[in-house]
Structures are given as structure tokens and as C-alpha cells.
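Below is one structure; the comments refer to it alone.
The values are calculated or read from the model by the stated rules, or taken from the named source; none is laboratory data. Computed from a predicted model, the values in this text were never measured in an experiment. Glycine gets a Cβ as well: all are built from the backbone with ideal geometry, and neighbour counts include every protein chain shown. The accessibility values were calculated without ligands, DNA or RNA, using every heavy atom of the protein model including side chains. Shrake-Rupley method; radii C 1.70, N 1.55, O 1.52, S 1.80 Å.
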Amino acid sequence: MNLNEFEEKIKAHGQNVRKYIAPPFDIEREELNNMRKSKKIITSFLLSAALICALAVTVFAAYNYLTAKQTAEELDYHILAESFNNDAPSEIITDGKYKAALLGLTFGKNISEFEDVIPDRTYAAIAIEKTDGSDMTYDDEILVTPLIEGLKPWQYNIYTMDGGRQSKIIDGVLYTIVEFDSVEYFADRHIYLAVLDQTFYTTEAYNYDEKTGVISVNEGYNGTNILFELKVDKSKANPNKAAEYLDKIDKKINGDDVSDDLDEELGESGAVGENYYEEIKHIEISTDENSNFVIRER
């Protein structure tokens, strides 16, 4: 077959050839599509890498704090430390001058070496730092207190729930473990841990709905009023025990159990005079501008 015959055959079967040989513009379009796909793959890879880095930074930032277990060890709660874990903070909230991280929460009986035989208690580990980057000091006024849905927060808080606190500043961060009577009896309600920039509870920091019992942050408060909701096993709720406990607090608030407590401590020795109970009724305990306790006669 000579060249002319070959050209004629190509022309004759041109339509068939087109089925198997893509014209140049199709090849260019395919190359363009491939380039777009490559760009998408690269972009997706870069976004994924950025997301991984962001998550890594977030986790790293969270782990800048000591864990609840480490906090307990630093505060010499060695027995209590065994009840905490080394997880990252469950929640971090920034508000006003301070940022607080809820490091851990645990419940137990006789798990603190600083106490003798005591009933069930609640322990919470908190890390608090200043938002401006400066170091915390022991002069910073900070209150960490439990609050329970349906209970007036100015009456039922860490002061009436036999609460206590140990703190230590490490690398400018205030690490605190607060303890108070067990709140598990109230597990069928919302239970909170409040962190505010006061020494004592103030009604200005949080809203309390008298009808529903709901406690919420007062957005108009000029300061720090953080509110963590605690995760408590609802199966631990015990309305009867809760009622008994509230009755005990009510007596304490009203002073009805003062003589009973003293009689229990002093026994039958009559170590106090017969007019003692009348005398203490005329005593008032308050605080001065430096938060020092002052005893005055009424």
C-alpha cells in the first residue's frame, strides 16, 4: 500500500478512528481536570494538616495544666490522688479577669488523709489563672462553691455544706481542691460548681428563679462568675437522704443544733456554765474590709 492509499483509508474510516483517538482539545481538557484534582488533593491535605495541628495545639494547651491527680499530689492529698485520673480538663471557661479549668471530680468516704472518719464527700480539682497573663497571688479573692438546683445559693453553698479548700500556686496558676459534703443525694437535679471573684457568695453573681429553682449566670455581673455543671451519676440520687441532709443544714442556719453539737463535744461534764447558751446568743461574727474575722457583741 502506497502513501496515497493509506491517506484515503484514514479518511474513509475517520469516524471510526475518532472513537479511539481523542482530539487534542479533549486531551488538554483531561490534563486540566487532572490538575484541578491534584490541587483539590493538595488543598484537602493542607486543610487536614492544619486541622490536626489545631487539635494538637488545643490538646497541648489543655495539658498545660496539671491533671487532677497531679494537683492532689502537689497538695499532699496522696490518698485522694488515687481517686482522680490524669485526663485533660473536662471544661475550661474564661470570664472577666480569670479563666478556670475543671480538672476533675470524685466522690468518696475517708479518701482524704486530712480528715478522720468522715461521711461521703465531694472533691473537685480546679485550675485558675488570670486572663492578662500575670501570675495568680494568694491575695486574689476567689470563691469556689457548689450550688444545687432548687436550693437558694446564698443559703446552701460551701460554707453551710462543711466545705474546705487547699490551694497552691504553680507557674502562676492557682491549683485548688475543694471538698464539701456529698452532692450525690441530689443527682436528680442540676449541680454546679461556681467560681467567682469574691470571698463570700454574692447574690449579684448568679440568678436564682424562685419558681423553677434554676440557677444561671447573671450576664450583667461586672466580674467573674463562672458556672460549671457537674456530671453526677443520676442513679446515686436519694431524695430521702437529701431531705435529711437539708434538715441538718436548716438547723445549722437557724442555730437549732448549736446546743446539741456542744453537748456532744463536751459530754456530761458540764464544762460550760449554765448561762453559756444565753451568752453566745449575744455574739456576732463578721468580717472586716480585709476579710479577717471579727467577733462583736450584738
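Can LEU151 be described as within 22 Å of LEU80 (Cβ to Cβ) and of a type outside the set (Lys, Arg)? So LEU151 fails the test. Of all residues in the stretch 219-239, those satisfying the criterion of being open to solvent by less than 50 Å² (accessible area, probe 1.4 Å) and either in contact with a His (Cβ under 9 Å, 6 or more places away or on another chain) or part of a strand (DSSP E or B) (or both) are ASN225, ILE226, LEU227, PHE228, LEU230.
Can you name the residue in the stretch 195-213 that is part of a strand (DSSP E or B) and crowded, with 17+ Cβ neighbours inside 10 Å and, of all such residues, is farthest from the chain's Cα centre (by Cα)? Can you show your working first?
First, the residues of the stretch 195-213 that are part of a strand (DSSP E or B): 195-196, 206-208.
Cutting the leftovers down to crowded, with 17+ Cβ neighbours inside 10 Å gives us 195-196, 206, 208.
On the way: VAL195: 9, LEU196: 13, TYR206: 17, TYR208: 20 Å.
Here the answer is TYR208.
Table: residues versus (1) modelled with pLDDT of 95 or more; (2) open to solvent by 60 Å² or more (accessible area, probe 1.4 Å); (3) under 16 Å from TYR175 (Cβ atoms).
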residue	(1), (2), (3)
THR106	no, no, yes
LYS109	no, yes, no
PRO119	no, yes, no
ILE126	yes, no, yes
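Restricting the stretch 197-211 to residues that are of a type in the set (S, T, N, Q) and modelled with pLDDT under 95, the residue that is farthest from ILE142 (Cα to Cα) is THR203.
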